[in-house]
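Participant: Structure provided below as structure tokens; questions to follow.
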Amino acid sequence: MTDITPGRRIDPRGHRFSAGLSAVLLLLAFATDSTWAVPVIGLALAVSAAFGTRYWLLGRAWPPARRILRLGPPRELEHEYPPRFAQAMGATFLGIGSALLAFGVVPWGWVLVGAVVALQVLLAATGFCLGCRLFFVRWIVPDLFARAIGRAGVREALVRVPPR
């Protein structure tokens, strides 16, 4: 069957790997009080969410890691739009957290960063992506996101595509 949805399909293991990597970097930022790292990672998430996962800076570490570990191809690929939506949500939380840290509301800023870290650790450890799941929930935000990246109606089309 031909895939009716536009966009790329990605290796979900790479998504998990880069989520773990960004969680470690954000934890290091917290441990060293390096508040500058939060907006940097948030910006990297925002670029990937806006232009595609191929532009996810921390995702660049996955292909060499896969070669070093001699892992074969994934059993199945996933569409990139749900992870991009999750990255947009993470970028939003990190952006708000960065603003709170910049304005001196330090505890609340780190709470938002901690929420992103917790969800990234959950994804890295179990493969469950809350942001990806929220992409398919019937509410207006995923539709607005799909329209913003130029793919109106993509969420419904993704639901109709049978798994491979």
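Values quoted throughout were computed directly from the atomic coordinates according to the rules given, and no laboratory measurement underlies them. Every value quoted in this text rests on a predicted model; they were computed, and no experiment measured them. FYI the Cβ positions are ideal-geometry reconstructions off the backbone, even for glycines, and counts take in every protein chain you see.
Participant: For the chain, set up a Gaussian network in which alpha carbons nearer than 10 Å are linked by springs, and say which option among 41, 149, 68 fluctuates the most.
Facilitator: Largest GNM mean-square fluctuation: 68.
Participant: Additional query: Set the Förster distance to 35 Å, then compute FRET efficiency between residue 121 and residue 147 from the Cβ-Cβ distance, nearest 0.05.
Facilitator: 0.70
Participant: Then there's this: Taking other Cβ within 10 Å of each residue's Cβ, how do 92, 32, 53 sort, fewest first?
Facilitator: The fewest-first ordering by Cβ neighbours comes to 32, 92, 53.
Participant: Using alpha carbon coordinates only, what is the Rg to Rh ratio of the chain, with Rh defined as the Kirkwood radius?
Facilitator: 0.98
Participant: Something else: Within region 25-122, list the trypsin sites (Lys or Arg not before Pro) lying in a DSSP loop whose Cβ has at most 11 other Cβ atoms in a 10 Å radius.
Facilitator: Loop-located and lightly packed - 70, 75.
Participant: If contacts are Cα pairs under 8 angstrom and at least 6 residues apart, what is the relative contact order of region 10-160 in percent?
Facilitator: Reported relative contact order: 29 percent.
Participant: Which residue fluctuates most in the GNM of the chain (Cα springs below 10 Å): 44, 19, 102?
Facilitator: Judging by the Gaussian network model, the answer is 102.
Participant: Tell me the mean residue ellipticity at 222 nm calculated for the chain from its helices only (DSSP H runs of n ≥ 4, each -39500 (n - 2.57), averaged over every residue, nearest 500).
Facilitator: My calculation for the chain gives -21000 deg cm²/dmol from helical runs alone.
Participant: Let me ask something additional. Within region 16-31, which residues have the backbone N less than 12 Å from the label spot 7 Å out from residue 47 along Cα→beta-carbon, could you tell me?
Facilitator: Taking a point 7 Å out along Cα→Cβ of residue 47, no residue of region 16-31 has its backbone N under 12 Å.
Participant: Subtract the Cα-Cα distance of residue 75 and residue 61 from 0.36 nm times their separation in residues, and report this length gain in nm to one decimal.
Facilitator: Roughly 3.0 nm would be gained on extension.
Participant: 5 Å is the cut-off here: which amide hydrogens, built 1.01 Å from N in the peptide plane, fall below it relative to residue 79, excluding neighbours closer than 5 in sequence?
Facilitator: Long-range HN contacts for residue 79: 10.
Participant: I'd like to know which of 46, 23, 79 lies farthest towards the positive end of the charge dipole of region 10-160, counting +1 on Cβ of Lys and Arg and -1 on Cβ of Asp and Glu.
Facilitator: Selected residue: 79.
Participant: Additional query: When the chain is modelled as a GNM with alpha-carbon springs shorter than 10 Å, which of 28, 45, 112 fluctuates the most?
Facilitator: 28
Participant: Using the Cα centre of region 10-160 as the reference point, and only Cβ charges (+1 on K/R, -1 on D/E), how large is the resulting charge dipole? Debye, rounded to the nearest 20.
Facilitator: Once rounded to the nearest 20, the dipole reads 500 debye.
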